[in-house]
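Read through the structure below, which is laid out as structure tokens, and then see the notes.
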Amino acid sequence: MDKDESLIETAISSESIYNGKIIKVFRDTVRLPDGKESLREVVRHPGAVCVVPVTDSGEILCVRQFRYPFSRVTTEIPAGKLDHIGEDHAAAARRELLEETGASCSELRFIGELYTSPAILDEVIYMYLATGLRFGETHFDDDEFIEPISVPFGKMKEMILSGEIKDAKTQAAVLKAALLLGY
């Protein structure tokens, strides 16, 4: 028997309960490993990318923006949702980097996937590290109000460890980048 078989839940039925611009919400009935049935509410999302853009001087390009669900301004790395399921993740990462910071990169390295809230949400964020940056103009979306900033790598780690940076993708991607780059 597969070691995971005793943990697998099997979908029996799925009911769409909300179909929005970005997310879709479903109420699924599942069969549990012991044969009983249970309900799962699942938010479906097309996925996203995030980028840790590191300058030659060891600073991380970040963005400050208002996050409505928390009614506060946050500091995060550049990120954005995929335009459609199946979109090339690296191309989306380059697009978001340029849109939000005005930067392009000569090297873009995939550093992993992040499940943001696996109990209720199927969103996967594809994380990238960008180096060899060149700078140009930002191209914010019409509904984006963003302040690009740069933060020294060491300061960014301090902000994560102190709890000032609360965003999960920023925490995970920056700390992975720190380990990979030796910061």
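FYI, it's all coordinate maths here, none of it is from the lab. Just so it is clear, the structure is predicted and the values come from calculations on it, not from any experiment. Positions of Cβ are backbone-derived with ideal geometry, glycine not excepted, and every protein chain shown enters the neighbour counts.
What the table below lists for this structure:
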quantity	calculated
Nitroxide proxy distance, nm - points 7 Å out along Cα→Cβ at GLU137 and ASP34	6.3
Radius, Kirkwood style, for the range 48-181 when every pair of distinct Cα atoms is counted (Å)	14.8
Protection-proxy order for peptides 41-47, 27-33, each taking the mean of Cβ atoms within 10 Å per residue, highest first	41-47, 27-33
Reduced Cα scattering model of the range 5-44, Debye log10 I(q)/I(0), q = 0.26, 0.27, 0.34 Å⁻¹	-0.80, -0.83, -1.07
Amide proton proximity set for CYS62, modelled H, under 5 Å, gap of 5+	ILE149, SER150, VAL151
Pairwise FRET efficiency - ALA168 versus GLU144, Cβ, R0 = 25 Å, nearest 0.05	0.80
Length-normalised contact order for the range 1-97 - Cα pairs under 8 Å, 6+ apart - percent	19
Candidates per GluC sites (Glu not before Pro) in the range 139-168, loop by DSSP, up to 14 other Cβ within 10 Å	GLU144, GLU164
Over 24 Å between alpha carbons, listed pairs LYS24/LYS81; LYS36/LYS169; LYS3/LYS36; LYS81/LYS176; LYS24/LYS157; LYS155/LYS176	LYS36/LYS169; LYS24/LYS157
Between helix 168-181 and the chain: long-axis angle, C-alpha atoms, 0 to 90°, nearest 10	60
The range 1-30 versus the range 101-135: alpha-carbon centroid distance in Å	26
